[in-house]
Protein chains: 2
Amino acid sequence: MAKDSLHARVERAIGERILGGEFPPGGLLPNEADWGRTFGTSRTIVREAIRSLTAKGLIRSRPKIGSRVQPRSQWNMLDRDVLEWHRSAMDRRAFLLSTQEARRLIEPGIAELAARKHTPEQVEGLVTALAAMKSAKGMTQIVASDVAFHEALLVCANNELLLPFGIIIEQALSNLFDFTTQNNPHYSFALKLHEAIVKAVTAADGTAAREAMLALLSDTDEVIDHRAAKKAKKKR
Amino acid sequence: MAKDSLHARVERAIGERILGGEFPPGGLLPNEADWGRTFGTSRTIVREAIRSLTAKGLIRSRPKIGSRVQPRSQWNMLDRDVLEWHRSAMDRRAFLLSTQEARRLIEPGIAELAARKHTPEQVEGLVTALAAMKSAKGMTQIVASDVAFHEALLVCANNELLLPFGIIIEQALSNLFDFTTQNNPHYSFALKLHEAIVKAVTAADGTAAREAMLALLSDTDEVIDHRAAKKAKKKR
DNA sequence: TCAAGACTTTTGTATGACAAATAGATGGGT
DNA sequence: ACCCATCTATTTGTCATACAAAAGTCTTGA
């Protein structure tokens with residue numbers, strides 16, 4: 001975990017503190033020299049970390065002023081690191097719900113686009129991904145193959161502007177399965193729903209693909225609710 | 001235009017060449033010293049540029065290997081700079097169409113969410129944005145206020161994961177209006193459609209908000225088609 | 001009272017040196 | 001002839017230092 005390069009570690013440290021609310025939007029960060037003393041690194045390292053955070057929209061630096069935290073609307077929330085810091089800064093369930101909400105917004109449309117605009121090679125990738133889901137053993141493989149499936153579907157949509165959403169699906173699925181058991185009887189049903197999506201996409205039936213994806217998402221939401229209910233019961 | 005800091009200019013130069021296809025995904029970039037000679041800058045500057053490009057998902061550096069271009073799926077296409085480089089590397093009309101396609105995918109859902117989940121302050125921001133649209137004079141103000149309106153709607157949806165999409169709307173609108181004339185008679189109709197959205201959101205009517213947004217998007221698409229037809233006519 | 005200029009703080013850029021990682025070459029043993 | 005260990009060369013990673021440039025803030029003079 002801590003075998004990243006030095007600037008990456010410094011970047012994470014600062015990023016987590018920003019996402020954690022320690023430095024609110026509009027607020028001023030310590031200057032580069034201070035950070036260097038804080039982490040015991042050279043200013044070079046701090047500068048590279050700050051450059052990276054700037055590229056992710058978290059801050060903005062100006063001479064004599066220092067580095068200011070940008071408004072949250074500027075934050076590149078679909079960046080892997082930023083999203084991760086965001087996740088650890090908020091309630092686990094709330095995070096899961098917001099990712100699911102985003103999925104409901106995006107993925108039905110993605111499925112429809114995929115059905116209407118896929119190329120043969122792309123749909124082949126989707127079929128391969130489905131096969132991988134079927135033969136997946138163990139939680140790690142199951143999650144990975146599920147993510148790969150939705151990633152492949154994203155590719156089928158043939159619009160590069162939509163690719164960055166993959167990270168949300170990835171986060172939603174990993175956080176979702178984090179709690180479910182390996183022998184979930186639900187899984188075979190979920191597989192059927194994935195199959196339905198592939199079928200609709202292959203048939204170039206946009207409406208059916210949208211419907212199938214909606215069914216899958218509703219099923220996922222049910223899993224979440226069920227888990228919440230079980231937890232509430234335990235508490236009682 | 002060229003008054004950015006040095007590392008920003010170097011970053012842009014490299015980024016444009018990557019998006020332009022000169023360095024394909026999987027390909028290797030020149031090393032840092034070479035870039036330094038190319039641009040006549042110190043290695044420090046090149047490193048900061050590369051750090052930024054790395055943060056945007058375009059490349060990945062490793063000792064002894066150098067910097068490799070990442071697969072396009074890793075590219076942070078919703079980053080302002082990356083999207084800009086992307087735009088200038090592709091056909092203007094194709095870019096506009098892909099942004100509109102993305103908007104059709106996202107914005108109806110955004111409108112619905114906005115209607116269902118907005119807070120009073122957020123809807124107030126929306127109303128303000130609408131007022132600004134009405135009093136906007138000149139192409140620059142019109143585009144800016146239109147962007148601000150959709151940005152405000154995005155905020156009303158109350159899901160931070162969706163905020164990064166604002167950049168797509170911004171690009172779509174600026175490229176759209178780039179060609180339309182200031183005294184477009186269409187504008188008053190577009191204003192009515194925006195009004196309808198605000199009304200539906202205020203009334204917390206998700207379905208109506210979605211429908212109104214769909215109408216607005218269809219109207220926008222018509223403008224695009226109309227322009228295309230006019231151009232084709234001119235050519236003849 | 002106000003405005004022009006000096007001052008000061010912070011980031012921006014340059015240079016040179018060394019550390020660490022690692023692909024590829026080299027060589028030795030079987 | 002083949003394979004494994006090792007050595008080498010290249011590239012990024014990190015450090016230290018110095019100075020330039022930007023931009024608030026203070027000072028001073030009219």
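A few comments on the model shown:
- Yes/no for A:R93 being modelled with pLDDT under 95 and under 17 Å from the mean Cα position of the chain (by Cα): yes
- Selection status of B:A215, in a helix (DSSP H, G or I), surrounded by 20 or more Cβ atoms within 10 Å (Cβ to Cβ) and touching a helix residue (DSSP H, G or I) at 6+ places or on another chain (Cβ under 9 Å): no
- In region A:19-31, of all residues being under 18 Å from A:R62 (Cα atoms) and buried (at least 18 other Cβ atoms within 10 Å of the Cβ), the one that is nearest to DNA strand C (Cβ to nearest atom) corresponds to A:L29.
- Residues satisfying the stated conditions in region A:12-49, i.e. of a type in the set (D, E) and within 14 Å of another protein chain (Cβ to nearest Cβ): A:E32, A:E48
- Conditions (1) in the same structural domain as B:T207 (by TED's automatic domain parsing); (2) part of a helix (DSSP H, G or I); number of the one not met by B:A136: (2)
- For region A:32-52, a tally of residues being more than 8 Å from DNA strand C (Cβ to nearest atom) and within 18 Å of B:D4 (Cβ to Cβ) returns 1.
- When A:E160, A:E195 are screened for being closer than 18 Å to A:A129 by Cβ and of a type in the set (D, E), only A:E195 passes.
- Test: B:E11 is closer than 20 Å to A:P164 by Cβ, modelled with pLDDT of 95 or more and either open to solvent by 70 Å² or more (accessible area, probe 1.4 Å) or within 11 Å of DNA strand C (Cβ to nearest atom) (or both): yes
- Across region B:52-75, the qualifying residues are those that are under 23 Å from the mean Cα position of the chain (by Cα) and under 21 Å from A:V10 (Cβ atoms), and the one among them that is surrounded by the fewest Cβ atoms within 10 Å (Cβ to Cβ) is B:T54.
- Verdict on B:E121 being within 8 Å of chain A (Cβ to nearest Cβ), in a helix (DSSP H, G or I) and open to solvent by 60 Å² or more (accessible area, probe 1.4 Å): no
- Taken over region A:4-18, the criterion of being aliphatic (A, V, I, L, M) and more than 21 Å from the chain's Cα centre (by Cα) is satisfied by A:L6, A:V10.
- Here A:S88 fulfils each of the conditions (1) out of contact with any strand residue (DSSP E or B) (no Cβ under 9 Å at 6 or more places or on another chain); (2) within 14 Å of chain B (Cβ to nearest Cβ); (3) of a type outside the set (V, I, T); (4) open to solvent by 40 Å² or more (accessible area, probe 1.4 Å) apart from (2).
- Matching option when the condition is without any contact (Cβ under 8 Å) to a residue 40 or more places away in the chain, crowded, with 18+ Cβ neighbours inside 10 Å and either within 14 Å of chain B (Cβ to nearest Cβ) or on the phi > 0 side of the Ramachandran plot (or both), among A:A172, A:A148, A:A157: A:A148
- Boolean, A:L83 is within 14 Å of chain B (Cβ to nearest Cβ), open to solvent by 40 Å² or more (accessible area, probe 1.4 Å) and of a type outside the set (F, W, Y): no
- The residue that is nearest to A:A212 (Cα to Cα), counting only those in region A:97-110 that are surrounded by fewer than 21 Cβ atoms within 10 Å (Cβ to Cβ) and more than 9 Å from chain B (Cβ to nearest Cβ), is A:Q100.
- Qualifying position, being touching a Phe, Trp or Tyr at 6+ places or on another chain (Cβ under 7 Å) and free of Cβ contacts under 8 Å to residues at least 60 places away in the same chain, among A:G57, A:G40, A:G36, A:G66: A:G57
- Long-range neighbours under 9 Å by Cβ, at least six apart or interchain, first residue under 17 Å from B:S174 (Cβ atoms) within region B:214-231, second among the aromatic types (F, W, Y): B:R227/B:F179
The values are calculated or read from the model by the stated rules, or taken from the named source; none is laboratory data. Since this is a predicted model, take the numbers as computed values, not measurements. We place every Cβ from the backbone using ideal geometry, glycine too, and count neighbours over all the protein chains shown. To get the accessible areas, we keep the full protein, side chains included, count just its heavy atoms, and leave off ligands, DNA and RNA. Shrake-Rupley method; radii C 1.70, N 1.55, O 1.52, S 1.80 Å.
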